[in-house]
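The values are calculated or read from the model by the stated rules, or taken from the named source; none is laboratory data. Keep in mind that what you see is a predicted model, and the values were worked out from it rather than measured. FYI the Cβ positions are ideal-geometry reconstructions off the backbone, even for glycines, and counts take in every protein chain you see. Protein only, heavy atoms only, side chains kept; ligands, DNA and RNA dropped before computing areas. Shrake-Rupley method; radii C 1.70, N 1.55, O 1.52, S 1.80 Å.
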Amino acid sequence: MSEIHEVVIVGSGPAGYTAAIYAARAQLSPILYEGSVTAGGALMNTTEVENFPGFVDGVMGPDLMDSMRKQSERFGTKLVTDDIVSMELGGDIKVLKDGSGNTLQAKSVILATGSAYKEIGLVNEKRLSGRGVSWCATCDGFFFREKVIAVVGGGDSAMEEANFLTKFASKVYVIHRRDSLRASKIMVERAHANPKIEFIWNTEVIDVLGADKVSGLKLRNLLTNEESERDFDGLFVAIGHLPRSELLVGQIDLDGEGYVKVESGSTRTNQKGVFACGDLVDHTYRQAITAAGSGCEAALDAERFLSGH
Ligand code: NAP
């Protein structure tokens with residue numbers, strides 16, 4: 001408790017690790033809390049990343065994160081496999097507590113806690129979670145060999161999940177609430193070219209059916225309001241993410257959707273010495289490369305802040 005650290009980084013996606021690489025090279029001896037369950041953030045649940053510059057043939061999400069992690073360690077980042085469970089971010093010295101009961105003091109904090117999967121919000125979605133309802137095709141796809149699966153969503157995540165699931169499933173239906181997709185052109189083309197994928201347009205899932213595992217979905221056509229039931233063995237929800245800012249409520253300014261507000265053109269929050277980066281602040285781009293870029297900015301902002309004090 002007596003030691004006062006220069007910078008503590010909370011979160012271990014591309015934003016957190018990049019902030020650590022920069023902070024460590026600036027000799028700020030960063031401590032990075034990677035989380036107690038899985039380090040590496042959302043990219044740990046993806047397959048091939050084809051658009052991270054520098055990898056001509058693509059790179060697997062977990063391999064990319066492992067490289068970033070090792071690179072941050074190489075320059076002296078101290079990685080802690082635990083969660084931060086509370087923070088006091090006001091005042092010149094920030095106080096953080098971790099899941100093992102340790103208390104840390106720091107002159108600056110970089111927040112990079114990313115985002116969590118969004119849920120549709122149905123009671124039976126929660127009840128049957130892990131029993132046919134999933135948010136992660138790479139984690140759970142294996143259990144759906146020769147099964148019929150529904151994927152909900154119309155963005156890149158939904159296309160990626162649907163394509164990946166065709167490795168196992170006999171058929172994948174993408175259920176989308178509109179009649180056009182938000183996903184990038186290349187992902188849409190890939191999904192349309194996949195004979196195992198079929199689209200159900202203008203439709204929302206209004207219930208998940210099944211006693212102890214998913215047996216089907218109750219659907220509503222949004223053009224006709226007609227309701228129907230259809231058999232499915234699994235439901236993969238890929239409707240976006242929500243910022244992981246629960247611990248920050250009442251500590252720093254958040255916007256209406258829970259994203260951390262930062263000063264335009266910087267990663268500075270309304271609390272002096274507290275910086276935020278990655279999906280936690282980003283409504284718009286939400287790419288691995290933009291998260292890494294904002295992690296770099298947060299470390300540079302923290303370095304400037306510390307040298308000014
Ligand atoms: P997203 O782009 O926000 O798309 C979410 C999709 O879910 C939208 O089609 C949306 O419908 C639908 N949706 C949202 N709430 C819903 C609800 N309550 N019920 C039913 N449908 C709902 O999220 P994402 O696909 O997770 O992508 C997030 C970011 O990560 C994007 O910037 C994406 O490019 C990036 N990403 C990239 C890759 C890649 O390049 N390989 C892979 C995954 C993600 P509407 O369209 O009607 O709003």
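Numbers below:
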item	result
Interchain or long-range residues, amide H under 5 Å from residue 175's placed H	151, 152, 153, 200
Residue-wise HN-Hα coupling along region 19-29, computed from phi with Karplus coefficients 6.51, -1.76, 1.60 (Hz; x: Gly, Pro)	4, 5, 4, 5, 5, 5, 5, 7, 6, 9, 6
Under-5 Å amide H pairs with residue 240, H placed in peptide plane, nonlocal only	118
Solvent-accessible area, 1.4 Å probe, carbon plus sulfur percent, for region 167-301	46
Cα principal axis extents for region 76-205, largest first, Å	57, 33, 31
The chain: Cys lacking any partner C-beta under 4.7 angstrom	277, 296
Flagged links, alpha-carbon separation over 23 Å, of 118/213; 167/218; 126/213; 118/261; 171/218; 126/196	167/218; 126/196
For the chain, projected area of the alpha-carbon convex hull averaged over all directions, nm²	17.1
For region 38-78: rounded, prolate or oblate by the Cα gyration tensor [a/c cutoff 1.5]	oblate
Reachable lysines, given that their alpha-carbon falls under 25 Å from the alpha-carbon of residue 78 and they are not under 8 places away in the same chain	70, 94, 97, 107, 272
Residue 133 - accessible surface, heavy atoms, 1.4 Å probe, Å² rounded to 10	10
Whole-Hz couplings from phi, Karplus 6.51/-1.76/1.60, listed for region 32-39; x for Gly and Pro	10, 8, 8, x, 8, 9, 10, 7
Within the chain, helix-based [θ] at 222 nm, where runs of 4 or more DSSP H residues each add -39,500 (n - 2.57), nearest 500	-7000 deg cm²/dmol
Relative contact order [Cα under 8 Å, 6+ residues apart], region 120-276, whole percent	23
